[in-house]
Amino acid sequence: MAEGGRGSQGEAAASESERTLIVLKPDAVSRGLIGEVISRFERKGFRVLELRLIRLQRNQAEDFYSPHRGKDFFEDLISFITSGPIVAAVLEGRNAVEAVRTMIGSTDAAKAPPGTIRGDLGLGLTANVIHASDSHESFEREVEVLFPGFLTKERSAASSADGPRELRGKA
């Protein structure tokens, strides 16, 4: 499709307003990379809808990484993500999940291509600077761990915007 062209309305709406979650891990925060990483997304045209500096408790980390429960690396992952503050952000933009995953690169920083966040800034497999939701379903699960009520607030705002028009603007 040509730049600026439109597919179906559903396709255009989904690709123009998709949301995803990123987490700058403790290594990124301790190395002073917050601005560098966030600015890459902003320069690419993503909007930051939510941004929070937090320190995850173990139970939050276990909820966040629940798909990895039972895997060999689960304990190391939980220990690392709770070892210091993180920065969590909700980004909005065109094809956000896929585009952000492309921008961050492979999980193993040594295998991530130059130009990606992990390729340029990551130091290893766990100390790889950033996490990003890998699907819309992951986003919905993860965002509720780090931004409780976000989806409820978003759905409420959307239904209010679509609510009864006859009540608006009348004296």
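Looking at region 19-38, is at least one residue crowded, with 16+ Cβ neighbours inside 10 Å, in contact with a Gly (Cβ under 9 Å, 6 or more places away or on another chain), at pLDDT 95 or above and hydroxyl-bearing (Ser, Thr, Tyr)? Checked region 19-38: at least one residue is crowded, with 16+ Cβ neighbours inside 10 Å, in contact with a Gly (Cβ under 9 Å, 6 or more places away or on another chain), at pLDDT 95 or above and hydroxyl-bearing (Ser, Thr, Tyr).
In the set (1) part of a loop (DSSP other than H, G, I, E, B); (2) closer than 13 Å to residue 132 by Cα, residue 70 fails one condition alone, (2).
Residue-level analysis places residue 165 among those that are modelled with pLDDT under 95 and of a type in the set (Lys, Arg). Being acidic (Asp, Glu), within 25 Å of residue 136 (Cβ to Cβ) and within 17 Å of the chain's Cα centre (by Cα) is not true of residue 108. Do we have any residue at all in region 77-87 that's over 19 Å from residue 29 (Cα atoms) and surrounded by 12 or more Cβ atoms within 10 Å (Cβ to Cβ)? The answer is no; no qualifying residue exists.
Taking (1) assigned to a helix (DSSP H, G or I); (2) in contact (Cβ under 8 Å) with a residue 12 or more places away in the chain; (3) acidic (Asp, Glu); (4) under 30 Å from residue 155 (Cβ atoms) in turn, residue 27 satisfies each apart from (4).
The values are calculated or read from the model by the stated rules, or taken from the named source; none is laboratory data. No experiment lies behind these values; they were computed from the predicted model shown. For neighbour counting, all protein chains shown are included, and Cβ atoms are generated from backbone atoms with ideal geometry for every residue, glycine included.
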